[in-house]
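Student: Please see the structure below; I have some questions.
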Amino acid sequence: MRILAIDYGDSRTGLAYCLESEAIASPLETLFEKSPEKRFKRLLEAISENKSELVVVGHPINMDGSAGPRAKMCEELAEKLERESGVKTVLWDERVTTVQAIGILNETNVRGKKRKQVVDTVAATLILESYLDYRRKKGIEA
């Protein structure tokens, strides 16, 4: 199944994808768009361009499991994306993915401006990897 993952942000939104085999999550791009309308339009285009059959939206719930304003925003985004694109959309726990992404970028010595340009895409890739691992463990076939 072709899957698109989204790490949604106000000014940067990371995208990652996998192909039908679901073998590996790959970074796609970082959207640098502050306008919510333009950002949403670009997300719809990415779903279409990548022939996505499923969209995974990172769900930034709090460490205690509660949903704050950011989580509610992502819930609304997921609902709207599914409604507008016609592609099934799921929320996926993204706790600590940005911290993990920063750790990976530190290990590879990516710093400063370059880190800002890729951290959200790395986070989206980690979200998708986690989701793909879940599918494998549950025996959900590609």
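The values are calculated or read from the model by the stated rules, or taken from the named source; none is laboratory data. What you see is a predicted model, and the numbers here were worked out from it, not measured in a lab. Don't worry about glycine lacking a Cβ; one is built from the backbone with ideal geometry, like all the others, and counts go over all protein chains shown.
Student: Assess whether G58 counts as being in contact (Cβ under 8 Å) with a residue 24 or more places away in the chain and either on the phi < 0 side of the Ramachandran plot or of a type in the set (G, A, S) (or both).
Tutor: Yes: the conditions hold for G58.
Student: Just give me the residues in the stretch 83-97 being without any contact (Cβ under 8 Å) to a residue 60 or more places away in the chain, assigned to a helix (DSSP H, G or I) and crowded, with 16+ Cβ neighbours inside 10 Å, in sequence order.
Tutor: Result: S85, single match.
Student: Another one. For the stretch 48-76, what are the residues that are within 19 Å of Y131 (Cα to Cα), assigned to a helix (DSSP H, G or I) and either aromatic (F, W, Y) or over 12 Å from the mean Cα position of the chain (by Cα) (or both)?
Tutor: Scanning the stretch 48-76 gives A71, E75.
Student: Any idea how many residues of the stretch 1-28 are of a type outside the set (S, T, Y), closer than 17 Å to E129 by Cβ and surrounded by fewer than 17 Cβ atoms within 10 Å (Cβ to Cβ)? Talk me through it step by step, then tell me what you get.
Tutor: Of the stretch 1-28, the ones of a type outside the set (S, T, Y) are 1-7, 9-10, 12, 14-16, 18-20, 22-25, 27-28.
Next, only the ones that are closer than 17 Å to E129 by Cβ stay: 1-7, 14-16, 18-20, 22-25, 27-28.
Adding the requirement that they be surrounded by fewer than 17 Cβ atoms within 10 Å (Cβ to Cβ) leaves 1, 19-20, 23-24.
Number satisfying all stated conditions: 5.
Student: Go through the stretch 33-45 and give me each residue that's free of Cβ contacts under 8 Å to residues at least 24 places away in the same chain and over 18 Å from S85 (Cα atoms).
Tutor: Within the stretch 33-45, E33, S35 meet the criteria.
Student: Do we find a residue being among the aliphatic types (A, V, I, L, M), under 11 Å from T125 (Cα atoms), outside any helix (DSSP H, G or I) and touching a Gly at 6+ places or on another chain (Cβ under 9 Å) anywhere in the stretch 1-16?
Tutor: yes
Student: I've got another one for you. If E37 passes every condition in (1) modelled with pLDDT of 85 or more; (2) over 16 Å from S11 (Cα atoms); (3) part of a helix (DSSP H, G or I) but one, which one does it miss?
Tutor: (2)
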